[in-house]
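Have a look at the structure below before the remarks.
The values are calculated or read from the model by the stated rules, or taken from the named source; none is laboratory data. It should be emphasised that the depicted structure is a prediction, and the values quoted were computed from it without experimental measurement. Counting neighbours? That spans all protein chains shown, and the Cβs are built from the backbone with ideal geometry, glycine included.
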Amino acid sequence: MVLTDFGLARRPFPATPDRFFYYPATTHETALASLLRAVEDDAGFSLLAGDPGTGKTLLCHCLLERLGPNVTSAFLSNSHIPDRLSLLQGILFDFSLPYEDGREQVLRLRLTDYLLKNCSGARRAVLLVDEAQHLSQDLLEELRLLGNLEAGRGKAFQVILAGQEGLMQTLSRPEMTACLQRLAVRARIEPLGIEEGVDYLLHHVRLAGGNPDAIWEEPALEILARGARGVPRLLNQAGHQAMLLAHQAEMSRIDAEAALEALAMLGLETKMEHGEDDEDEETLSVARELTEEESPGVRLFDSPRRA
């Protein structure tokens with residue numbers, strides 16, 4: 001019903017990472033280009049860092065899509081791995097190789113043989129590990145040793161670790177010096193600025209088949225961009241919630257009040273009201289004036305929804 005209300009062909013703010021909706025923000029495009037160059041340059045180890053919700057998983061999917069036909073890739077999305085045996089099994093499974101054997105050394109030799117043969121055939125093998133901050137020192141050391149494999153034409157195995165700040169803290173320990181020194185590329189993605197946050201919301205609506213001008217009132221866009229602090233995951237949640245509220249109120253466009261209520265329902269309104277700069281307060285004040293003009297004498301979040 002929400003899609004019908006706003007003339008959309010599909011949900012514009014998906015709950016899970018979707019390459020179709022990738023937004024080429026400056027920080028994301030820079031990181032993606034750095035990682036692609038790292039693969040081309042035969043970098044053994046690379047790092048993609050970012051705070052929760054900034055789009056690391058989606059960027060990993062986009063990277064895999066752009067690696068090209070001469071790259072064999074594996075993607076470990078669950079890094080809660082208890083030991084080396086489980087790590088080797090996960091890598092072999094994603095390379096579509098037999099992984100059932102319970103002997104660690106057998107699996108290591110099987111993977112090594114595959115990687116060396118793959119490299120001798122002028123192909124690259126790349127492993128992406130998402131949420132890599134959960135990897136233990138022992139598992140990172142296993143990946144480092146695998147990353148040392150060479151077959152005359154260059155690296156037989158390249159590893160890209162995507163994770164939060166905890167990963168860098170682990171790698172910075174004295175006992176991890178050998179692993180840290182092999183980080184050829186350290187890319188980082190940041191939250192979007194206000195302008196890109198607004199454009200992110202417009203971008204998603206366009207790709208979903210909608211007309212942004214017919215769906216959004218301009219103040220609502222800036223309110224959501226500021227309230228979500230430019231974090232793509234929060235922008236998705238806030239945009240979706242604002243649409244649901246507008247649908248329930250039978251509104252033809254999403255206004256400032258719907259945007260503020262959406263942030264409130266996500267627990268983000270306090271961050272706006274006690275923000276770090278005066279611009280947030282100004283935006284919030286203007287939005288309240290707009291809603292008070294339409295519903296004088298009524299508190300914003302207690303006011304009955306209007307059609």
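Output yes when any residue across the stretch 101-113 is out of contact with any Pro (no Cβ under 6 Å at 6 or more places or on another chain), surrounded by fewer than 19 Cβ atoms within 10 Å (Cβ to Cβ), among the β-branched types (Val, Ile, Thr) and farther than 29 Å from residue 168 by Cα, and no when none is.
Yes, because at least one residue in the stretch 101-113 is out of contact with any Pro (no Cβ under 6 Å at 6 or more places or on another chain), surrounded by fewer than 19 Cβ atoms within 10 Å (Cβ to Cβ), among the β-branched types (Val, Ile, Thr) and farther than 29 Å from residue 168 by Cα.
Which residue is surrounded by the most Cβ atoms within 10 Å (Cβ to Cβ), if the candidates are limited to the stretch 13-26 and must be closer than 15 Å to residue 240 by Cβ and touching a residue at least 24 places away in the same chain (Cβ under 8 Å)?
Step by step, filter the stretch 13-26, then rank; the result is 13.
Out of curiosity, is residue 220 over 22 Å from residue 55 (Cβ atoms), part of a helix (DSSP H, G or I), of a type outside the set (S, T, N, Q) and outside the structural domain of residue 37 (by TED's automatic domain parsing)?
Considered against the rule, which asks whether it is over 22 Å from residue 55 (Cβ atoms), part of a helix (DSSP H, G or I), of a type outside the set (S, T, N, Q) and outside the structural domain of residue 37 (by TED's automatic domain parsing), residue 220 comes out as yes.
Looking at 230, 210, 197 in this structure, which one is on the phi > 0 side of the Ramachandran plot, crowded, with 20+ Cβ neighbours inside 10 Å and not assigned by TED's automatic domain parsing to the domain that holds residue 87?
One residue alone meets the criteria, 230.
Here are some conditions: (1) among the basic types (Lys, Arg); (2) within 20 Å of the chain's Cα centre (by Cα); (3) surrounded by fewer than 21 Cβ atoms within 10 Å (Cβ to Cβ). Residue 10 meets all but one. Which one does it not meet?
(2)
Which is under 23 Å from residue 84 (Cβ atoms), modelled with pLDDT under 95, surrounded by fewer than 18 Cβ atoms within 10 Å (Cβ to Cβ) and in contact with a Leu (Cβ under 6 Å, 6 or more places away or on another chain), of 183, 171?
One residue alone meets the criteria, 183.
Before we move on, is residue 158 within 30 Å of residue 259 (Cα to Cα), in contact (Cβ under 8 Å) with a residue 60 or more places away in the chain and in the same structural domain as residue 51 (by TED's automatic domain parsing)?
no
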